[in-house]
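Have a look at the structure below before the remarks.
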Amino acid sequence: MRTLLVTGGAGFIGANFVLRMVADGARIVNLDKLTYAGNRDTLASLSNNVRHIFVHGDISHRDLVDTLLREHRPDAIVNFAAESHVDRSIDGPSVFVQTNVVSTLVLLESARDYWRELEGKARDDFRFVHVSTDEVYGSLGAEGMFTEMTPYAPNSPYSASKAASDHLVRAFHHTYGLPTLTTHCSNNYGPYQFPEKLIPLVIQKALAGKPLPVYGDGMNIRDWLFVGDHCAAIHRVLEAGRIGETYNVGGNAERTNIVVVRTICKLLDDLRPLADDREHESLITHVKDRPGHDRRYAIDAGKLQRELGWQPSQTFETGIAQTVDWYLSHQPWVQRVLDGSYRMERLGV
């Protein structure tokens, strides 16, 4: 039975990955700091599962990480631990540098020393998978796509901190030989996403009949990736990715923000019509754009498809329909999240 140390495994993407891997028979040591975006409710189905070991802790605590590695002897580390919301990074960039750069360095040092102590097949098979973002590449014009060879050009404190962590991962491979793999994903959506991000935020505000904020003209373009497809890609990279390589993960689903919001509105018109029979689209309100808002992202996932045989299983239409259905049927989960300090207010102004 394979054992993985998953960091940030109570967050949106990390928890979806943990649920998938436990279902596939893996043993998961789940280390999460439980910041506002970490939610143990997401992992409730694993509460009595002996193959899921949850540890409340911080990857910056070297002694804790060393202890977990020695005790559980994982075959790989999959690093999701990160501050991830651009708007929050505008308000407080230092937290992003501390978590995404300094704490990642601590984790890498611990992983390196653990890997050096392994012998034989265990040493040969060990992997460190670092989950990153397409935002490190900056902004695209009307044409072209990000590839693994695109130069880094981060435009927000968040993306700059992720770019720095990517460079550290690369350096630990080239300097120390640590068998690393890095993935860059496009915009994720799906079950268990914290409602500060566009899709769950719009769903919740629409259900409450509140204004639906759209930054600027709403024509910013993102490549939307269903979280289940992203987790399948990470699993595939872990299984068969070439050591030291980077793999881009995209959903082949470029949509403008305004199209995304209108799609959600149309779904809710059918599923949860407003009491006054207005269309949800009437709630759309354009607000001042956020600083440094990248205009377009688009991922070329051809390398991942050619080398490892991965491709997304969901179109945007099927994925967004599943996502809206999930939020409608899991309102208690959402309300428990919103009982904290975040009340769906705008951040990063």
Can you check what the Kirkwood hydrodynamic radius comes to for the stretch 142-227, Cα pairs only, in Å to one decimal?
-> 16.1 Å
From the Cα centre of the stretch 1-28 to that of the stretch 158-192, the distance in Å is 18 Å
Which whole-number percentage describes the relative contact order of the stretch 182-237, with Cα contacts under 8 Å and a sequence gap of 6 or more?
-> 52 percent
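With an 8 Å cut-off on Cα pairs and a minimum separation of 6 or more residues, tell me the relative contact order of the chain in percent. Before the final figure, lay out the partial values.
Working: 650 pairs, mean separation 63.2, N = 349.
Value for the chain: 18 percent.
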Report the normalised scattering of the stretch 98-171 as log10 I(q)/I(0) at q = 0.20, 0.26 Å⁻¹, calculated by the Debye formula with identical scatterers on the alpha carbons.
-> -0.87, -1.16
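Provide the packing ranking of 180-188, 326-334, i.e. peptides ordered by the mean count of other C-beta atoms within 10 Å per residue, highest first. If you can, show how the numbers build up before the last one.
Details: 180-188: 24.2, 326-334: 14.8.
The most tightly packed comes first, giving 180-188, 326-334.
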Residues meeting the amide H criterion for Arg27 (H placed from the backbone, H to H distance under 5 Å, 5 or more places apart or on another chain) are Arg2, Thr3, Leu4
Hz values of 3J(HN,Hα) by residue in the stretch 199-208 - Karplus curve (6.51, -1.76, 1.60), Gly and Pro given as x = 5, x, 5, 5, 4, 5, 5, 5, 4, 8
What are the radius of gyration and Dmax of the stretch 214-349, computed over its Cα atoms and given in Å?
-> 17.8, 57
Cys185's amide H: which non-local residues (gap 5+, or another chain) put their own amide H closer than 5 Å, with H modeled 1.01 Å from N in plane and none for Pro or chain starts?
-> Ser132, Thr133, Asp134, Val249
Based only on Cα atoms, what Rg/Rh ratio does the stretch 199-256 have, Rh being taken as Kirkwood's radius?
-> 1.16
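Enter the per residue convex hull volume of the stretch 44-102, computed from alpha-carbon coordinates, in Å³ rounded to the nearest integer.
Numbers: hull volume 7.1 nm³, N = 59.
About 120 Å³ per residue, rounded to a whole number.
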Given Cys185, Ile28, Thr150, which one lies farthest toward the positive end of the charge dipole of the chain, if we put +1 on the Cβ of every Lys and Arg and -1 on the Cβ of every Asp and Glu?
-> Ile28
Residue by residue through the stretch 310-324, which ³J(HN,Hα) values in whole Hz follow from phi under the Karplus form 6.51 cos²θ - 1.76 cosθ + 1.60 (θ = phi - 60°), with glycine and proline marked x?
-> 8, 8, x, 8, 10, 7, 4, 5, 6, x, 6, 5, 4, 5, 4
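Which pairs break 27 Å Cα to Cα here: Lys162/Lys303; Lys266/Lys288; Lys33/Lys197; Lys162/Lys205; Lys205/Lys288; Lys33/Lys121?
Correct reply: Lys162/Lys205; Lys33/Lys121.
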Projected onto the charge dipole of the chain (unit charges on the beta-carbon of Lys, Arg, Asp and Glu, signs +1, +1, -1, -1), the Cα from Val50, Leu201, Pro332 with the largest positive-side position is that of Val50
Would you kindly derive the ³J(HN,Hα) couplings of the stretch 266-278 from the backbone phi angles with the Karplus curve 6.51 cos²θ - 1.76 cosθ + 1.60 (θ = phi - 60°), listing them in order in whole Hz, with x for Gly and Pro?
-> 5, 4, 6, 4, 7, 8, 9, x, 5, 4, 8, 6, 5
Which net charge results for the neighbourhood of Arg295, defined as the other residues with beta-carbon distances under 14 angstrom from its beta-carbon, given Lys and Arg at +1 and Asp and Glu at -1?
-> -4
Pairwise centroid distance, computed over Cα atoms, of the stretch 105-122 with the stretch 220-287, Å | 36 Å
Rg/Rh for the stretch 113-155, where both radii come from Cα atoms and Rh is the Kirkwood radius | 1.28
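Ranked highest first by average number of other Cβ atoms within 10 Å, how do 57-63, 30-36, 226-232, 158-164 line up?
Values: 57-63: 16.6, 30-36: 20.4, 226-232: 22.3, 158-164: 24.0.
Top to bottom by mean Cβ count within 10 Å: 158-164, 226-232, 30-36, 57-63.
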Considering amide H positions built from the backbone, and no H for Pro or chain starts, which residues 5 or more places from Thr180, or on another chain, come under 5 Å of its amide H?
-> Phe128, Gly244
Candidates Ile234, Ile243, Ile299; GNM for the chain (alpha-carbon contacts under 10 Å) flags as most fluctuating Ile243
Per 10 Å bin, what is the whole-percent P(r) computed from every C-alpha pair distance within the chain?
-> 5, 25, 36, 24, 8, 2, 0
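Where a number appears in this text, it was derived from the coordinates with a stated rule and is not lab data. Nothing here was measured: the structure is a model prediction, and the numbers come from that model. Ideal geometry is used to build each Cβ from the backbone, glycine not excepted, and the neighbour counts take in all protein chains shown.
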